[in-house]
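Below: one structure, written as structure tokens.
The values are calculated or read from the model by the stated rules, or taken from the named source; none is laboratory data. In this text the structure is predicted, and so the values were computed from the model without any measurement. Cβ sites come from the backbone with ideal geometry, for glycine too, and all protein chains shown count toward neighbours. When the accessible area is computed, the model is the full protein with side chains, heavy atoms only, and any ligands, DNA or RNA have been set aside. Shrake-Rupley method; radii C 1.70, N 1.55, O 1.52, S 1.80 Å.
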Amino acid sequence: MTRIARLAALLEEPLLVAGPPYVLGGQANVRYLTGLQSSNAALLVEPDATATLFTDFRYAARARAVRNVTFVETARNLLTAIGEQLSGRRIAFEEAHLPCAGYRALADAGVEAVPASGLVESLRAVKDESEIASMRRAGALSDEIFAALAQERFTGRTERELAWWIERSFREAGAEGVSFDSVVAAGATASSPHAVPGDRPIEPGVLVTIDAGCVLDGYCSDCTRTFAVGDVPDRLSELHALCLEAQLAGLAAVGPGVHGRAADAASRVSIEAGGLGWAYGHGLGHGGGVQIHEAPVLRPESTDVLEPGNVVSVEPGIYLPDDAGVRIEDLVLVTADGCERLTQFTKELLTVE
């Protein structure tokens with residue numbers, strides 16, 4: 001069954017698919033359903049599994065090549081043009097992705113537009129064999145880049161310089177791009193989970209957290225490792241060991257039928273026992289695929305239940321304000337009896353120069 005047919009089986013009325021933003025540009029859901037990468041496209045899927053693809057002149061040649069859809073070339077003002085095409089009809093729209101101005105354009109054209117939520121995302125959450133193969137390749141490429149990075153000199157180089165080295169290395173190795181801006185965070189900078197690389201030279205005696213990923217075959221990898229620059233104090237080595245214990249507990253908890261909140265809770269036991277529960281302020285992980293963040297999620301408030309084919313990150317962290325931070329992350333595939341790590345690079349605390 002095609003992806004469009006699987007979506008149609010969930011519909012009671014036509015659904016206009018027009019989002020969300022894709023990591024390399026365009027709309028992720030449109031790309032997932034049709035293969036078309038475009039910054040200005042929408043797909044109307046009918047309950048009988050017929051579909052109409054709308055886009056403007058810039059993407060028309062590629063859109064005409066998409067199989068099993070009817071293509072309609074529109075003016076660049078896409079939603080106004082779609083509204084004219086669908087005037088008088090009742091359709092559903094993706095409420096999380098259609099801006100208010102887009103809704104008004106449809107309504108002003110006489111379309112009865114009703115909100116829908118998470119339909120395409122629910123399909124994307126369970127990967128098929130081709131998607132899994134792509135994500136394995138993306139994970140393997142991440143392993144290669146982290147292995148090469150471990151041979152690089154850190155001392156005296158800036159976080160920004162190393163972040164650029166990572167992006168360049170991914171591209172030279174064949175990646176389409178990076179799945180997000182690489183995080184290189186040394187010393188106190190790593191006390192922020194989403195640190196921005198700076199221009200201060202890295203000094204010895206600190207931990208450096210590196211969170212990086214690539215896009216390969218349209219799918220994202222995501223991996224975090226923490227390195228020691230030269231000799232570091234015992235307390236920092238112990239901090240890394242505590243985070244690793246939590247990460248291994250999180251991995252052990254991931255499997256089919258497991259609630260996202262339960263996997264998250266498993267990763268907190270050792271950190272809370274160490275008196276640092278307050279320093280682990282984010283969730284255990286998130287889904288990944290054509291976007292770097294997608295369903296399902298592993299965090300305290302999660303209502304998701306894992307099933308085979310989900311791909312999720314497992315990434316506990318400990319963040320000490322104005323001092324240091326550690327995060328260790330793998331991307332994993334949920335299998336019939338547990339999970340498979342898609343990122344295999346060592347998690348021991350490696351010392352770099």
request  = Test each condition in (1) out of contact with any Pro (no Cβ under 9 Å at 6 or more places or on another chain); (2) among the hydrophobic types (A, V, I, L, M, F, W, C); (3) over 30 Å from D211 (Cα atoms) for A92 and report the one that comes out false.
outcome  = (1)
message = Any residue at all in region 310-323 that's more than 18 Å from the chain's Cα centre (by Cα) and surrounded by 19 or more Cβ atoms within 10 Å (Cβ to Cβ)?
response = yes
ask   = Looking at region 253-264, is at least one residue open to solvent by 10 Å² or more (accessible area, probe 1.4 Å), of a type outside the set (D, E, K, R), part of a loop (DSSP other than H, G, I, E, B) and over 27 Å from Y219 (Cα atoms)?
value = no
query = Within region 168-178, how many residues are part of a helix (DSSP H, G or I), within 18 Å of I292 (Cβ to Cβ) and open to solvent by less than 50 Å² (accessible area, probe 1.4 Å)?
reply = 1
task = Residue by residue through region 202-217, note down the ones that are β-branched (V, I, T) and either over 19 Å from L320 (Cβ atoms) or at pLDDT below 95 (or both).
result = V215
note = When region 305-353 is checked residue by residue, the ones that are of a type in the set (G, A, S), under 19 Å from H282 (Cβ atoms) and at pLDDT below 95 are none
ask   = Across region 191-249, what is the number of residues that are without any contact (Cβ under 8 Å) to a residue 40 or more places away in the chain and either of a type in the set (S, T, N, Q) or under 21 Å from E272 (Cβ atoms) (or both)?
value = 5
query = Do you know which residues across region 233-252 are under 21 Å from the mean Cα position of the chain (by Cα) and either of a type outside the set (A, V, I, L, M) or part of a loop (DSSP other than H, G, I, E, B) (or both)?
reply = Q247, G250
task = Could you list, in sequence order, all residues of region 193-210 that are farther than 22 Å from C220 by Cβ and not charged (D, E, K, R)?
result = G198, P201, I202, P204, G205, V206, L207, V208
request  = Pick out the one residue from A163, A109 that is farther than 30 Å from F227 by Cα, open to solvent by less than 30 Å² (accessible area, probe 1.4 Å), touching an Asp or Glu at 6+ places or on another chain (Cβ under 8 Å) and of a type in the set (A, V, I, L, M, F, W, C).
outcome  = A109
query = Just wondering, is there one or more residues in region 86-101 that are open to solvent by less than 80 Å² (accessible area, probe 1.4 Å), of a type in the set (F, W, Y) and modelled with pLDDT of 95 or more?
reply = no
ask   = What residue, among those in region 219-236 that are of a type in the set (D, E, K, R) and open to solvent by less than 30 Å² (accessible area, probe 1.4 Å), is nearest to L248 (Cα to Cα)?
value = R225
inquiry  = Against the definition (open to solvent by less than 30 Å² (accessible area, probe 1.4 Å), β-branched (V, I, T), under 30 Å from R171 (Cβ atoms) and under 25 Å from the mean Cα position of the chain (by Cα)), how does V30 come out, yes or no?
reply    = yes
request  = Identify all residues within region 35-46 that are over 15 Å from L86 (Cβ atoms) and either at pLDDT 95 or above or in contact with a Ser or Thr (Cβ under 8 Å, 6 or more places away or on another chain) (or both); write none if there are none.
outcome  = L36, S38, N40, A41
task = Could you run through region 198-210 and say how many residues are surrounded by fewer than 23 Cβ atoms within 10 Å (Cβ to Cβ) and either of a type in the set (D, E, K, R) or closer than 21 Å to A138 by Cβ (or both)?
result = 3
ask   = Does D181 satisfy the criteria of being surrounded by fewer than 21 Cβ atoms within 10 Å (Cβ to Cβ), touching a Lys or Arg at 6+ places or on another chain (Cβ under 7 Å) and in a loop (DSSP other than H, G, I, E, B)?
value = no
query = Can you name the number of the only condition in (1) at pLDDT below 95; (2) open to solvent by 20 Å² or more (accessible area, probe 1.4 Å) that A195 fails?
reply = (2)
request  = Could you check, for region 265-285, whether at least one of its residues is closer than 20 Å to V184 by Cβ and open to solvent by 30 Å² or more (accessible area, probe 1.4 Å)?
outcome  = yes
